[in-house]
Amino acid sequence: MPIALHPGSFDPPTFGHLDLVTRGRKLFDTVHVVVAVNSRKSPIFSAEERVELFRRSVEWAGIDGVEFHSWDGLTVDLARKLSATVLLRGLRQSGDFEAEQSIALMNRRLAPGIETVYLASREEHLGLTSTLVRDIARLGGDVSSFVPPPVVEALRERFRRST
């Protein structure tokens, strides 16, 4: 079976991300989770913290065959370095496909031997975004139905309110 690379910002990792990795492991020998370092974004967690949060979430879920990396460069370059032939991406809503298709087409031009595979979000994860989770957590809301326990705790710590 091929090796897949699942890139994203994962700030923070959600149950939707975890579900995609779980389902990806049924299709691929190994799934490499790649936390993107994007200078255009201002994440609440560092790349190292996001890698660790995803790692702890995968351990909590009991998923094996997953490796973790942070990367500041072209995704296809890391895919080649790791011998991955598939980029694994999730689709939550119709607008995601248009954005993802543009990226996939460019990646195919840069690395013709690497394919992009999309998995549709499960219904319970539709509309779930890291941005919404951060906003809810920042305002003191309960995010435990959106993110694994290690992430719940990290968000509580990050947004601990002094009252």
Tally of residues being touching a residue at least 40 places away in the same chain (Cβ under 8 Å) and within 24 Å of Ala104 (Cβ to Cβ) across segment 118-134: 7
Output the number of the condition that Ala79 fails; it satisfies all remaining conditions of (1) assigned to a helix (DSSP H, G or I); (2) surrounded by 14 or more Cβ atoms within 10 Å (Cβ to Cβ); (3) of a type in the set (A, V, I, L, M, F, W, C); (4) out of contact with any strand residue (DSSP E or B) (no Cβ under 7 Å at 6 or more places or on another chain). (4)
Given the conditions (1) modelled with pLDDT of 95 or more; (2) part of a strand (DSSP E or B), which single one is not true for Pro150? (2)
Residues (closer than 18 Å to Phe10 by Cα, part of a loop (DSSP other than H, G, I, E, B) and of a type in the set (Val, Ile, Thr)) located in segment 114-132: Thr129
Scanning segment 37-68 residue by residue, the ones that are touching a Leu at 6+ places or on another chain (Cβ under 7 Å) and surrounded by fewer than 19 Cβ atoms within 10 Å (Cβ to Cβ) total 1
Quick check, is Phe10 touching a residue at least 40 places away in the same chain (Cβ under 8 Å), among the aromatic types (Phe, Trp, Tyr), in contact with a strand residue (DSSP E or B) (Cβ under 8 Å, 6 or more places away or on another chain) and in a helix (DSSP H, G or I)? no
So, in segment 111-138, how many residues would count as being of a type in the set (A, V, I, L, M, F, W, C) and farther than 21 Å from Leu53 by Cα? 6
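For residues in segment 82-113 being among the basic types (Lys, Arg) and part of a helix (DSSP H, G or I), which is nearest to Phe28 (Cα to Cα)?
Per the stated criteria, the residue is Arg108.
The values are calculated or read from the model by the stated rules, or taken from the named source; none is laboratory data. Just so we're clear, the structure is a prediction, and the values are computed from it rather than from any experiment. Methodologically, a virtual Cβ is constructed for each residue, glycine included, from the backbone with ideal geometry; neighbour enumeration extends over all protein chains shown.
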